[in-house]
Each structure stands twice: as structure tokens, then as C-alpha cells.
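Below is one structure, written out as C-alpha cells; the observations come after it.
The values are calculated or read from the model by the stated rules, or taken from the named source; none is laboratory data. The model shown is predicted, which means the values in this text are computed figures rather than measured ones. Virtual Cβ from ideal backbone geometry, glycine too; neighbours counted across all protein chains shown. Please note that ligands, DNA and RNA were not included when accessible areas were found on the heavy atoms of the full protein model with its side chains. Shrake-Rupley method; radii C 1.70, N 1.55, O 1.52, S 1.80 Å.
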Amino acid sequence: MITILSGGTGTPKLLQGIIHLVDPAEITVVVNTLENSYFSGVYVAADLDSVMYTLAGIINQETWYGIKDDTFITHETLKEIGCKELLRIGDQDRAIKIQKTLLLKKYSLDKAIDIQRKKLGITSQIIPMTNQDPHIDIVTPSGKLEFHEFLIGQKSEPDVLDIKYTTIDPAPGIIESIEDADMVVIGPSNPVTSIGPILSANGVLDALKNSYVVAVSPIIGDKPVSGPAGIFMHALGHEVSSFGVASMYQDFLDKFYIDDQDHQKKKKIEKLIKEVVVTNTNMNNIEDKMMLARNILGEK
């Protein structure tokens, strides 16, 4: 069994490669929920939906958010009548979010996601990192910003002084999925706001220290593959590099995959992590994704 810790962009790309090589029923994905919130009356769990849509084969690969070939009639109509949305939500995507919102009136988040993944024909287990409502503040010179306001409303432009989020209890099954896994894979997602919250959940670090854990760096050179990871790492005093990510994961990591461009950092990283593999981590197509997945799964 493989357990994967995931955010919403980099790791789903790797998931596409892994499910070509492994029976999806043997995969459990633990997904960040720090950014979950309500928009236009519906519950938005962006990372969870991106993982679900990836495993269902319907993800919009241009944005890694939402459903491919979706329409935006509701979004455009809302804008026309003066109800501007911070998020651009597609019609099919909104339907799934509406169902999730209704399910949450009766069930916990992990139960709601389990119902939805089965409806989408997904055999992998998908577990939100918590059933609680975590909170994050992006601290800027002008005050605290909610995550989506910083990312979308402010286009990640303000300087970031600090990132603060609540510590949570993990959802049922997470600790067991880590402890029982043959391998735990930390995907190339933002180490601060995607993977960090999962790691901070009570008991997760101890479980990882007793498991075989590999990770893929989300940083190539001095830039993240996507998103504001670099901004957040810098704000918390971490070097924006594969070495910086390694320093964040060193207490529990057995093997670390870095990109070919970072080969000169290998010896430095090996002072922190026993095994460092240099390979192509830039997943531009399905061949790249399968090659990286094969490298990870075949070298244990």
C-alpha cells in the first residue's frame, strides 16, 4: 500500500503517473484542507477536489483546478447581476461543491469525501487531513489576509512577514494509513501551506518517523514549480531551494528526489538526508510523470 501526502497542484501530477503503475485501490491520498472555505454559499475544498478530479480522470490540466471542458454560465451570470465571485467556479465543479455542502449538513468531511469519490468511480482512498476547520493567516505589512484573498484577490503580491495556522487533529484513518504503508510519498506540493499543515496534525510526525518516507522537491533551482511556495518559505526563514525543503523534512525523510538542475546541491543535502536521487522532476507530460513515478516506486 502507498500513502501519498498531497496539496492541489504538484502532487496530483505525480498521482497521474503513479496510477498508471499501481492499482489505484492500493493508494491512499491524505489531502491538505487548510485552504477550505465557503464561497458563494458553497464549500470549497480546492485541494481535495483537485485530487478527486485527477483520480477520476476529469481534472482541468491547464489550471489544475476544476473540471476539464467545464462551462461557467453560473459564474458569468452572477457577475452580470452584481455578485462578483473571488473564485471562478465552473458549472460541473459547482455541482460537486453543492453536493459536498449538502453532505456536510449530515456527515463529517471525511465521510462526505468518501461518498463523492465513490460516486466518481474512484477506488483509491482519499482522506482530508482533518474534519476540523483549520484557519490560516497570511501576515503582511498591512495586516492579516485570508489565504484566498492573498493568493487571488491580492495576486500574491504583498510582502509576507509570517504564516500562522492552527494545529489540528488528523481525520480518522490517517495515522494508520501512514503506519501501515509500504511507502509514504510526499508529493511536490507547497511545503509550507500544503504539506506543512498535514505534518503539524497531532501524531503525524511520530508516524512518519516510523515509516519509509520519500519526497519530491517542489523547488527547482530557486523557484517553485508552481504557486507561492517560495514566498512562504522565505517568510519563515527557509532557503528557497531543494536544500531548504530538505531541511524542513530532514527529521523523518528516508529519500529525497531533486531535479537534474539541482545536482550540485546533492552533497549538501546528503548531510541532512541519507539518500538523495537526482532526476527529472519537472512533469511536463504523462511520460515525465510516469518516469518519475517509476523511479520512486522502483527504487525502494
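Quick look at the values:
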item	result
Proximal aspartates and glutamates relative to LYS289, as straight alpha-carbon distance under 17 Å, when same-chain residues fewer than 8 apart are discounted	ASP23, GLU62, ASP259, ASP260, GLU299
Given charges at beta-carbon only (K, R positive; D, E negative), |dipole| of the chain in Debye	140
Charge dipole (debye, nearest 20) of segment 79-191; +1 at Cβ of Lys and Arg, -1 at Cβ of Asp and Glu	700
Per-residue ³J(HN,Hα) for segment 261-270, Karplus 6.51 cos²θ - 1.76 cosθ + 1.60, θ = phi - 60°, Hz, x for Gly and Pro	5, 9, 4, 5, 8, 4, 4, 5, 5, 5
Per residue solvent-accessible surface (Å²) - segment 87-137, probe of 1.4 Å	48
Structure-based [θ]222 nm, the chain - -39500 (n - 2.57) summed over DSSP H runs of at least 4, per residue, nearest 500	-9500 deg cm²/dmol
LEU104 versus GLU76: modelled label distance in nm, points set 7 Å from Cα along the beta carbon direction	2.8
Calculated from backbone phi, Karplus (6.51, -1.76, 1.60) coupling profile of segment 164-175 in Hz, x at Gly/Pro	10, 9, 7, 7, 10, 8, x, 5, x, x, 5, 4
In sequence order, calculated HN-Hα J values of segment 106-121 (Karplus, 6.51, -1.76, 1.60; Hz; x Gly/Pro)	10, 10, 6, 4, 5, 5, 4, 5, 5, 5, 5, 5, 5, 4, 8, x
Inter-centroid distance (Cα atoms) of segment 11-58 relative to segment 136-152, Å	24
Percentage relative contact order, segment 1-156, counting C-alpha pairs under 8 Å, at least six apart	25
Among GLN99, TYR257, HIS148 - extreme Cα towards positive end, dipole of the chain, charges at beta-carbon	GLN99
Sequence-distant residues sharing a close amide H with ALA171 (under 5 Å, placed H)	THR130, ASN131
Charge dipole (the chain, unit charges on Cβ, about Cα centre) - positive-most of SER226, CYS83, ILE168	CYS83
Full-stretch length increase - ASP69, LYS209 - with 0.36 nm per residue and alpha-carbon distance subtracted	46.2 nm
Dipole magnitude of segment 146-259 about its Cα centre (Cβ charges: Lys, Arg +1; Asp, Glu -1), debye to nearest 20	220
Distance between modelled label sites at LYS266 and ALA56, nm, 7 Å Cα→Cβ extension	4.2
Percent carbon-and-sulfur accessible area, the chain, ignoring ligands, DNA and RNA, probe 1.4 Å	48
Linear extension gain, GLU157 paired with ALA25, 0.36 nm per residue minus alpha-carbon span	43.4 nm
Long-range amide H partners of ILE220 with built H, under 5 Å	VAL225
Which of ILE122, GLY237, VAL278, positive extreme of dipole for the chain (C-beta unit charges)	ILE122
Cα pair distances exceeding 13 angstrom across segment 140-213, given as percent	72
Loop GluC sites (Glu not before Pro), segment 1-69 (other Cβ atoms within 10 Å of the site Cβ: 11 or fewer; DSSP)	GLU62
Net length gained if the chain between PHE39 and THR123 were fully extended (0.36 nm per residue, minus Cα distance)	27.4 nm
